[in-house]
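Taken together, the values in this text are just the output of simple stated rules run on the coordinates, not laboratory data. Everything numeric here is computed off the predicted structure, so don't read it as measured data. Cβ: placed from backbone, ideal geometry, glycine included. Neighbour counts: every protein chain shown.
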Amino acid sequence: MSTSTDHESGSKRPRLIVALAGLVLALLLLGAGGFMWLSGDTAGPSIGGPFTLEDGNGRTVTDRDLHGKYVLVYFGYTFCPDVCPTTLAAVSDALDKLGAKADQLQPVFITVDPKRDTAATVRQFTASFTPRLIGLTGTPEQIAAVAREYRVYYAEHRTGPGPNDYSMDHSSMLYLMGPDGRFIAPINAEQSGEQIAAAIRKLTS
Ligand code: NI
């Protein structure tokens with residue numbers, strides 16, 4: 001049994017662990033903010049940054065390609081049995097609730113399982129929620145780099161001896177980025193579409 005953010009197995013405990021992971025992230029963000037304050041930098045904690053990844057059609061997508069719109073970023077993986085699909089369904093619902101305002105928002109899913117999540121797998125997955133959702137994958141190194149920028153935790157959790165016998169433990173958080181690519185705020189991923197829409201409305205008004 002993993003002691004880390006194993007939110008994918010069947011017991012009740014993983015929910016608590018995900019909540020704890022969220023708390024740890026919040027503390028990290030606060031810590032980063034404190035550090036920035038101490039160092040005299042008023043820009044706030046650094047979340048996000050430049051990346052080069054690949055979309056569901058195999059086209060290269062960089063962070064700059066997304067500038068001009070608010071971007072809602074979520075890290076997960078397509079084989080996730082529970083949390084990722086629930087979150088992305090809520091994001092899709094939030095887009096509906098936002099109405100015309102959703103035109104200013106680009107939702108992006110970035111896989112933390114590049115070994116199994118090929119471009120085609122990611123495309124099929126994101127299309128099942130909403131055609132507006134961009135899914136991104138990359139080499140293990142590219143994924144590691146972007147996850148580090150967003151302070152996303154992820155790790156393989158072995159479930160058997162075969163090469164594909166694993167789930168991914170990963171932190172679950174939505175990141176709202178501004179049209180200039182700068183981090184605005186984290187949004188709790190364990191909310192309804194209505195709540196996520198309300199948070200986005202508040203943060204973009
Ligand atoms: Ni997941």
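Based on DSSP, what percent of beta bridges with both residues in region 36-204 are antiparallel, to the nearest 5? Let's see the in-between values first.
Numbers: 19 of 29 bridges.
Of those bridges, close to 65 percent are antiparallel.
If you add up the charges near residue 73, with Lys and Arg at +1 and Asp and Glu at -1, over every other residue whose beta carbon is less than 15 angstrom from its beta carbon, what do you get? Don't skip to the end; give the middle numbers.
Working: positive: 64, 69, 132, 148, 151, 182; negative: 55, 63, 65, 149, 180.
Net of charged neighbours comes to +1.
If you take every residue apart from residue 181 with its C-beta less than 15 Å away from the C-beta of residue 181, what net charge results, scoring Lys and Arg +1 and Asp and Glu -1? Mind showing how you got there, number by number?
Details: positive: 64, 69, 182; negative: 63, 65, 149, 180.
Local charge sum for residue 181: -1.
Give me the Kirkwood hydrodynamic radius of region 75-205 in Å, from all C-alpha pairs, to one decimal place?
Working: mean 1/r = 0.0652 Å⁻¹.
Hydrodynamic radius (Kirkwood, Cα pairs) of region 75-205 is 15.3 Å.
So what's the net charge close to residue 56: Lys and Arg +1, Asp and Glu -1, counting the other residues with Cβ under 11 Å from its Cβ? Numbers along the way, then the final one.
Values: positive: 59, 123; negative: 54, 55, 117.
Once positives and negatives cancel, what remains is -1.
Please list, by residue number, everything in region 69-90 whose backbone N is under 15 Å from a paramagnetic label point 7 Å out along Cα→Cβ of residue 115.
Only 77-80 fall inside the zone, counting backbone N under 15 Å.
Report, in debye and to the nearest 20, how large the dipole of region 36-204 comes out about its Cα centre when Lys and Arg carry +1 and Asp and Glu carry -1 on their Cβ. Could you put the intermediate results ahead of the total?
Working: 15 positive and 19 negative charges, 65 e Å.
The dipole magnitude comes to about 320 debye.
Would you please give the residues with an amide H less than 5 Å from that of residue 185, counting only those at least 5 places away or on a separate chain, with H modeled from the backbone geometry?
Close amide H contacts, sequence-distant or interchain: 176.
Given 0.36 nm per residue, what is the gain on full extension from residue 101 to residue 191 after removing their alpha carbon distance, in nm? Numbers along the way, then the final one.
Details: separation 90, 0.36 × 90 = 32.40 nm, distance 1.93 nm.
That works out to 30.5 nm of additional length.
Place a point 7 Å from Cα of residue 149 in the direction of its Cβ. Which residues in region 60-83 have their backbone N less than 14 Å from it?
61-68, 71-75
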